[in-house]
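Visitor: Got a structure here, written out as C-alpha cells. Questions coming.
The values are calculated or read from the model by the stated rules, or taken from the named source; none is laboratory data. Computed from a prediction, not measured in an experiment: that's the story for all the values here. A quick note on method: Cβ atoms are made from the backbone with ideal geometry, for glycine too, and the neighbour counts reach across all protein chains shown.
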Amino acid sequence: MTLDRFLQDLDRDIRAAADWGKVADYIPELGGIAPDQFGIAVALADGQVLTAGQADQEFSIQSVSKVFALACVLGRIGEQLWLRVGREPSGDRFDSILLLEQEKGRPRNPFINAGAIVVTDELLRGRSPQLTLAEILGFVRAAAEDDDIHIDKAVARSEARTGYRNAALAHYLRSFGNLRNPPDHVIGTYVHQCAIEMSCIQLARAGRVIAGLDCAPALLAPVKQRRINALMMTCGQYDGSGNFAFRVGMPAKSGVGGGLLIIAPGKASIAIWSPGLDGWGNSQMGTLAAEKLAEFTGWSVF
Ligand code: DON
C-alpha cells in the first residue's frame, strides 16, 4: 500500500472513533472547538507533502511553539541556556510548580511551562515583546517557507486573562532570580507565542528543519537538530513522554490545541491535529494516528 493510500484509510478509521478526548477549556477561546476533527500532513525529504483529513485547517499550535522558541534561543545563546533550564523529563504535568521549589527555580526542561517561560524571558533580553514575537514567527515562516502564518490575538488575550498558573510560575521563577523581565511582560509574550495558528501542512513544512530533510531550508545546524530531537523524545509530551516513545518511537511535541509535530529524522516531518486531549493534555486521536503511522512506515527510531 502507498503512504498516500494509508493516510486516506487512517483518516477514515480515526473518524470512526467513539471517544475523541476532551478539548482544553482552561483557555476559554479554545473551549468551544469540536473535539471530533482530524488532519494529518507528512512532509517528505523530496519536498512532497502528503495529506489527509483537515490538513489545511488552522489550529492553535500552543506548546508546539516551544520547539521553535527553543530553536531561536539556541541560535542566540547556544549552550548557555542550560545554566537556566535543565534537560531532564519532569514526570509531572506540563503546568506543575512542584519541582521548582525543590530545584531552586531551575525548570527541568524547556518544554514544561516553567522552562518555556524561561526561554521566552531569555529571548526578550534586549528586545521588545514585538521584536521577540517577530523573531519566533520569522523562524517559523522561514522554516515553512510560508509567510501566511499569524498569531490569533483573541486566543492570546483569552489565555492572558485566565492564565493564573503561568503567572504563578513566572513570579516563582522571578523569586529565584531566574526571570529577568517583569512576569507580566514575559507571560504576555509567551501567550502570544503559544497563539500562533498553523495548519498541518504549514507545521509539517516547518518541522522539516528539525528533521534535517534534504528539502529543508538551512536554518538549524545538525547538532542543534539532534539536541532538539532528544528533548522532544524525552520531554515533548510531558509526563506522557514515556508512553509516547513506547507507542510511537519518534521525537514529538504536543500542544493543548491538539497539534502534534512528529519527527522521523532524515525521513519526514509529520503534523497531526485532533483537538480532543487525553489525560496528559496530549491529542488523544493524534497519538493513536501517530502510532498507526509508525507501524505502517517503520519510522520508529528504535
Ligand atoms: O501555557 C499553557 O498552558 C498553554 N499556552 C500551552 C500548554 C500546552 O500546550 C501543553 N501541551 N500539551
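Visitor: Scan region 161-191 for residues that are out of contact with any Phe, Trp or Tyr (no Cβ under 9 Å at 6 or more places or on another chain) and near the ligand (Cβ under 10 Å from one of its atoms) and report the count.
Guide: 4
Visitor: In addition: Hey, Trp82 hits all of (1) without any contact (Cβ under 8 Å) to a residue 24 or more places away in the chain; (2) in the same structural domain as Asp214 (by TED's automatic domain parsing) but one; which does it fall short on?
Guide: The failed condition is (2).
Visitor: Test Ala71 against the criterion of being at pLDDT below 95, farther than 21 Å from Ala154 by Cβ, touching a helix residue (DSSP H, G or I) at 6+ places or on another chain (Cβ under 7 Å) and surrounded by 14 or more Cβ atoms within 10 Å (Cβ to Cβ), and give yes or no.
Guide: It is false that Ala71 is at pLDDT below 95, farther than 21 Å from Ala154 by Cβ, touching a helix residue (DSSP H, G or I) at 6+ places or on another chain (Cβ under 7 Å) and surrounded by 14 or more Cβ atoms within 10 Å (Cβ to Cβ).
Visitor: Something else about it: For Thr120, which of the numbered conditions (1) within 15 Å of the ligand (Cβ to nearest atom); (2) on the phi > 0 side of the Ramachandran plot fails to hold?
Guide: For Thr120, the exception is condition (2).
Visitor: For the condition under 19 Å from Ala41 (Cβ atoms), surrounded by fewer than 18 Cβ atoms within 10 Å (Cβ to Cβ) and in contact with a helix residue (DSSP H, G or I) (Cβ under 8 Å, 6 or more places away or on another chain), what is the one hit in Pro251, Pro217?
Guide: From the options Pro251, Pro217, the qualifying one is Pro217.
Visitor: Being among the hydroxyl-bearing types (Ser, Thr, Tyr) and without any contact (Cβ under 8 Å) to a residue 24 or more places away in the chain is true for just one of Ser90, Ser60, Ser128. Which residue is that?
Guide: From the options Ser90, Ser60, Ser128, the qualifying one is Ser128.
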